[in-house]
Structure formats: structure tokens, C-alpha cells
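*Asks:* Structure in C-alpha cells, see below.
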């Protein structure tokens, strides 16, 4: 493996591990805020117990995620110095500073929320603080996604001059915050991140529900699973809509990536939607085709009738065509997840308790992990699909990479570290969550004037 290949693999492994923690953190704080709201309304002791337990888990998630985020930031500087040099000279560098502000907001609010509970007499204090923490957490994701969107559709400086001279000129600092793909990518990233985290948490609660014999524990887990299913049903609809919008953006601004994901050998009209299959000597083999669907969707969403093909672009600029398969796995996986949640919705519709159905709980466990897998595959599709560019049509990965072999040893240590960190973190999540009996967590405690 070349050093460029190693740099790519190491960062991919690190960010792939990091986003597991990110999805958990975002999902946890959103669920905690929902529980805070519900507890204010109905004083349900199950909701109180869940708030207390999940707050402890979130603190661990926040701490581990923060440390992991530092690793990601250091790797960006060490592995891709050419990229960071370009970033530092353009307006998108402001997004990194904005992300630090969001992190400060999240951290300060979390400290007050966790350690000064009961100090304030206003009854909405805990709900408000949890929402501020959630806002800071989401805002961090928004600003990081803005950087990724800029990498896909760069703007805010004179690109032709940079390509011809290597000099950054004509910088417009705030334009980089709103590229053609920014808002669509933010919508899709946030909805899918929340969905993956919520479904994974749902898998844990389904497992706990099946294992426990304590009626108080069962009631608490049943209450949480109902909340999780409601959030998941809403979220997958938003994820589907935002994902469709993302394909429209690709068609307009990244036609090569679109052609590779849909496996279009040549430009044309009336294309079928091709599932799986591969390209051999300009012909598509072993694919499942839905006649006219790709052309219909493209025209409906963008008005474009002539779709791009790989032959329009130099073969040296093609991304690995494996992204056609990963894209199909992501889409088909999303459909299966949607089917499971549609069945869950039918239970609600016919006033049946899906939690009491053991098979639904087994499926909840399976699809919780499956949702995380689909989420990771989605990121692989997006990032590998931009190859060989690190900044689309501006800078290739080999131009940004660090060729020093000094990255090898610490890189292997980081890989080993994450292989231990992720399972250990989930182990401590479970230990902390189960640290108190349910009845103890359900007892209200009056502190300072807030009955909590």
C-alpha cells in the first residue's frame, strides 16, 4: 500500500469509528430532551428514571467523542497537509472556528445541566438546558458537514486562478458557508445520523426488555421503545426525502459521481434504475433493472432528461465503481428499514402494542445494528465517490497527502486504539445505565426548589 493509500485508509477507519460515537451522542441528547419535555407534562416516573440513566451515558459519550474528535482533527492536519493549507487560505476555515463555538456552547451547557441540577428554581430549567446542549451538539455537526459540502462543491475563491497558478485569490469568506450542496447535505446528514443513533439505542432497549423480568424495568423499557419508534418513523421519512434531494444535487453539480453511482456507461435518456451489477467492457452485467425509473426520477426532481455517463469524463477521474454497489446497498437497506418501521406504524394504527411482540423486538435489535451499517455504507459512498478528488475538481488526494512514512507507526496504534475503544465504550454505556435499580431512579428528589 502506498502512503497515499495508507493516509486514506487510516482517516477512513478513524472517521468511520468516530461517527458511531457522534450518532450515539446526537441521538442520546435528543431523546433526553424529549424525555425532559414529557416528564414536565406528565411526571411519569419512568421518564424520570430514563433521564437520570441516559444523562450518565451521554456524559461518557460526550467525553469519548470529544477525545475522538481531537484525533480526527490532528489526522486532517498530519495526513492531508495540502488540504489544510488550502482550507486555511479560503473562507471555509471559518466553519472550523464556528464548530469550536458550537462545542463551547455544548460543553458549558452540559456542565450546568449535569452538575447544577436543582440549583435553579425555574421548572423549565432542565428542559431548556437539555435543548441548548442538543442545539450545540447538532450545530457542531452542521458546521463539520458544511466543510464536507464545500469539499463536494467548492466555492468562495477564484478556482480557475488557483488551478493555473496554485495561488488562492478572490476569497469571499462567507460564501463558503452556502455552497450548492450545503443545505441539502446538512439535511441528509443530520437526519441519517439521528436515525442511526436512535435505532442503535432502540436495539439496546429491545434487548433489555426481552431479558429483564422486573416489571418496573419492563415498563421503563417499553416507554422508551415507544418514544424511539415514533422518532424513527418521522426520521426515516425525512431521511428519504433529503436523500432524494441529494441525488438531484449530484446530478446537477457532480455529474461524474452521479454517473458512477447509477452506473451509466454513456450519457443518454430513458435510463432504467439499475440495482447491483458491474461494468465490463462498457456493458452492464448481472444487474436488476427497473425500466425508466432513473430517467423519471431525474426529470421529476430536476427537469433534466439527458443523464450523464462515465464516457464523458477521463477514466483517470473516475471514482471506484464499487460505489454503485454501496449506493444500492444503502438504498435497499433503507427500504428494508422503512418496511420495518411501516409495520411498527401499523401496530400503532390498529392500537396494538408492538413492544409486547417478541418478533418485533428481535427485529428491533437486528435493524438497530443494520441501520448503523447502512449509515456507514452511505458515508463510504459519499467519500469514495468523490475520489480521486479531496476537493472536487480542485485538488486531488495525492496533492493533499503526507508522504512521510513516520505516519505508519502512530497510525497502526490509532487503529488498535479504536478497535478497543468502541466496544469498551459500549460496555461502559451498559454498565453505567444499569448502575442503579429502577425503583431508586424513579424516586423524585427535591433539590433547591425543583422537584426532580
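The values are calculated or read from the model by the stated rules, or taken from the named source; none is laboratory data. The structure displayed is predicted, hence computed values, not measured ones. All Cβ positions, even for glycine, are placed from backbone atoms using ideal geometry, and neighbour counts span all protein chains on display.
*Asks:* May I ask you to say which residue of 126, 78 is within 28 Å of residue 6 (Cβ to Cβ) and assigned to a helix (DSSP H, G or I)?
*Replies:* 78
*Asks:* Further question: Return a yes/no flag: does the stretch 207-229 have any residue that is assigned by TED's automatic domain parsing to the domain that holds residue 322 and either under 16 Å from the mean Cα position of the chain (by Cα) or within 24 Å of residue 146 (Cβ to Cβ) (or both).
*Replies:* Within the stretch 207-229, the first condition is being assigned by TED's automatic domain parsing to the domain that holds residue 322, and the residues that meet it are 207-229.
Add one more test, that the residue is either under 16 Å from the mean Cα position of the chain (by Cα) or within 24 Å of residue 146 (Cβ to Cβ) (or both), and what stays is none.
No: zero hits.
*Asks:* So residue 160 fits all but one of (1) under 26 Å from residue 387 (Cα atoms); (2) at pLDDT 90 or above; (3) in contact with a helix residue (DSSP H, G or I) (Cβ under 9 Å, 6 or more places away or on another chain); what number is the exception?
*Replies:* Condition (3) is where residue 160 drops out.
*Asks:* What are the residues in the stretch 384-407 that are part of a helix (DSSP H, G or I) and either in contact with a helix residue (DSSP H, G or I) (Cβ under 7 Å, 6 or more places away or on another chain) or not assigned by TED's automatic domain parsing to the domain that holds residue 78 (or both), if any?
*Replies:* 384, 385, 397, 398, 399, 400, 405, 407
*Asks:* Which of the numbered conditions does residue 166 fail, given that it passes all the others? Conditions: (1) on the phi > 0 side of the Ramachandran plot; (2) out of contact with any helix residue (DSSP H, G or I) (no Cβ under 7 Å at 6 or more places or on another chain); (3) crowded, with 20+ Cβ neighbours inside 10 Å.
*Replies:* Against the list (1) on the phi > 0 side of the Ramachandran plot; (2) out of contact with any helix residue (DSSP H, G or I) (no Cβ under 7 Å at 6 or more places or on another chain); (3) crowded, with 20+ Cβ neighbours inside 10 Å, residue 166 comes up short only on (3).
*Asks:* Going through the stretch 207-218 one residue at a time, which ones are surrounded by fewer than 17 Cβ atoms within 10 Å (Cβ to Cβ) and either touching a residue at least 24 places away in the same chain (Cβ under 8 Å) or closer than 18 Å to residue 440 by Cα (or both)?
*Replies:* The answer is 210, 212, 213, 214, 215, 216.
*Asks:* Select, from 149, 176, the only residue that is at pLDDT below 90, touching a helix residue (DSSP H, G or I) at 6+ places or on another chain (Cβ under 8 Å) and within 27 Å of residue 388 (Cβ to Cβ).
*Replies:* 176
*Asks:* Here is a follow-up. I'd like to check which strands (runs of 3 or more DSSP E) are fully inside the stretch 233-290 and have at least 3 residues that are closer than 30 Å to residue 341 by Cα and assigned by TED's automatic domain parsing to the domain that holds residue 367.
*Replies:* Strands (runs of 3 or more DSSP E) meeting the threshold: 273-275, 288-290.
*Asks:* Considering only the stretch 350-383, state which residues are touching a helix residue (DSSP H, G or I) at 6+ places or on another chain (Cβ under 9 Å), over 28 Å from residue 17 (Cβ atoms) and either modelled with pLDDT of 95 or more or not in a helix (DSSP H, G or I) (or both).
*Replies:* 352, 353, 357
*Asks:* Do you know which residues across the stretch 166-182 are in a helix (DSSP H, G or I) and closer than 20 Å to residue 399 by Cβ?
*Replies:* Correct list: 176 only.
*Asks:* Quick one: count up the residues across the stretch 419-437 that are over 15 Å from residue 204 (Cα atoms) and either assigned by TED's automatic domain parsing to the domain that holds residue 217 or surrounded by 14 or more Cβ atoms within 10 Å (Cβ to Cβ) (or both).
*Replies:* The qualifying residues number 3.
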